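All remarks here apply to the structure that follows.
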Amino acid sequence: MSKTKAKKVIALVGRPNVGKSTIFNMLTRSRKALVEDTPGLTRDRNYSEVKIRDKSFILVDTGGFEPTTEDVMLSQMRTQTMVAIEEADILLFVGDGKTGATPSDNDIVRLLQTTDKRVFYLINKIDSEKQENQSVDFYSLGLEKIYPISAITGFGMDDIVDDLINEISNEEPIELIPADAIKVAVVGRPNVGKSTLINLLLGEERLVANPEPGTTRDSIDTVVRREGKEYVFIDTAGVRRRSRIVDRLEKYSVIKAFQSIDRSDIAIILLDSEEIVTEQDARIAGYAYEKNRGVIIALNKWDLVEKDSNTINKYVEKVRDSLKYLSFAPIVTISALKGTRAVKLFDLIEDLYARFTKRISTSELNKFLETTLSIHPPGMHRNKRVKIYYLTQIRTGPPMFMFFVNFPESLHFSYRRFLENQIREKFDFGSSPIKLIFRKRTGRLTEKFADLHSKSTGKHKSR
């Protein structure tokens, strides 16, 4: 058995215009969240993966939270924040040090204290130690520890980051899974049939499947045994409907998909055949691609589609056009409800995993490189020829290859793509993602790998 851990979700919560989006941008090192001195600017939740030191987590920026309001927009934002609070592992309360504690802050703090979540209390807009006394007003809310910070200048941010990292480090792995099992995340928007598909593959009602979106609350690992092999299917959580604002609430399912993809070898992107590829589908698929996971695209509810002799070709073309970066990923049409072609997924998983974990010997790779360079050499760097000296595979899952080059920065994107396509075709990587890394050659590296190459091929290094 082996242990696995999903990335923690950390949500920023507070009244409008207290600086949550500025904190979000500082921690994510981005300008992803809109920042403007206008209350209520952030209406939908914004999220991003954050990497600090050797830890990573998913940070969620929420709209301003007014506990009691009759304003329609603020009510919608409150609903958004309630979902984020429920789904987060750690909460960051943000107060405004300039205005001090308000009745709304008191209500928010009381709400957060009713959860079983770890809560950190950040008092923003404190620009220096001289201004720290402006934050003491928040102790009146019964808080034991507060963090006076400035999201603009960075004052005090080191302390909260240190404690956040320590909190994440203390978290224990959450699941035990068979060490040799292929881990498959079934991801997609709510109500596309994820639980129904896993129930079908498992052969019993192991998971709750319901036609109402949001039945699954958390990621569930389910071991499926078939023909002597073990698979771990990770069913991803949807979002419970709390109001009619379905489009906004469903965005949180993307975060759950991110967590499940992080723990998987292969992601089955489950699409609704009646809708093809939505923006949310594209986000989930794009994340799987960026994380170099094996991807299988499954068009579910195919039994509901009116068909003619060219229907399948039209649908595949639409999917390929929307997800151009996944041109190598297999596409299968299924009906999880009726069982049509769903069992074919096992064959696709086995085939993809075999390619995903394939290793090519260094001698084979360099014979391939010699032939390829003789047919189509790289271009020039100013007035010098770009030379590729050596090629080796440095890992599997996905297959990753390192090229040693004199001027890697001068290798054009199109030539890199050419090399990728040649490797994929020559060594039959088919539907597996592969990753190429181009490293500048140094004298030491050249000698080291030339020695390895001579040993693997039986040739002697020449000087």
_Listed residues 169, 21 arranged by accessible area, highest first, probe 1.4 Å_ = 169, 21
*Between the stretch 302-343 and the stretch 94-154, the alpha-carbon center distance in angstrom*: 51 Å
_For residue 341, solvent-accessible area (1.4 Å; no DNA, RNA or ligand), Å²_ = 100 Å²
_Length released on extending from residue 410 to residue 306, taking residue separation times 0.36 nm less the Cα-Cα span_ = 32.4 nm
*Return the long-range amide H neighbours of residue 268 (sequence gap of 5 or more, or a different chain), with a cut-off of under 5 Å between placed amide H atoms.*
185, 186, 187, 296
*Got a sec? What order do 273, 322 fall in by accessible area at 1.4 Å, biggest, i.e. largest, first?*
322, 273
*Quote the FRET efficiency, to the nearest 0.05, computed for residue 387 versus residue 320 with a Förster distance R0 of 51 Å and r equal to the Cβ-Cβ distance.*
0.90
*So for the pair residue 341, residue 292, with labels modelled 7 Å out along Cα→Cβ, what separation do we get in nm?*
3.1 nm
*Taking 7 Å along the Cα-to-C-beta vector as the label spot, tell me the residue 428-residue 279 distance in nanometres, rounded to one decimal.*
4.3 nm
*Using the structure shown, list the pairs from 51/318; 117/318; 51/358 with a Cα-Cα distance above 31 Å, or answer none.*
51/318; 117/318
_For the pairs 291/344; 324/426; 183/291; 194/301, flag any whose C-alpha to C-alpha distance is greater than 20 Å._
291/344; 324/426
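The values are calculated or read from the model by the stated rules, or taken from the named source; none is laboratory data. A quick note: this is a predicted structure, and the numbers were derived from the prediction, not measured. As a convention, Cβ positions derive from the backbone with ideal geometry for all residues, glycine included, and neighbour counts pool all protein chains shown. Heavy atoms of the whole protein, side chains included, go into the accessibility calculation; ligands, DNA and RNA do not. Shrake-Rupley method; radii C 1.70, N 1.55, O 1.52, S 1.80 Å.
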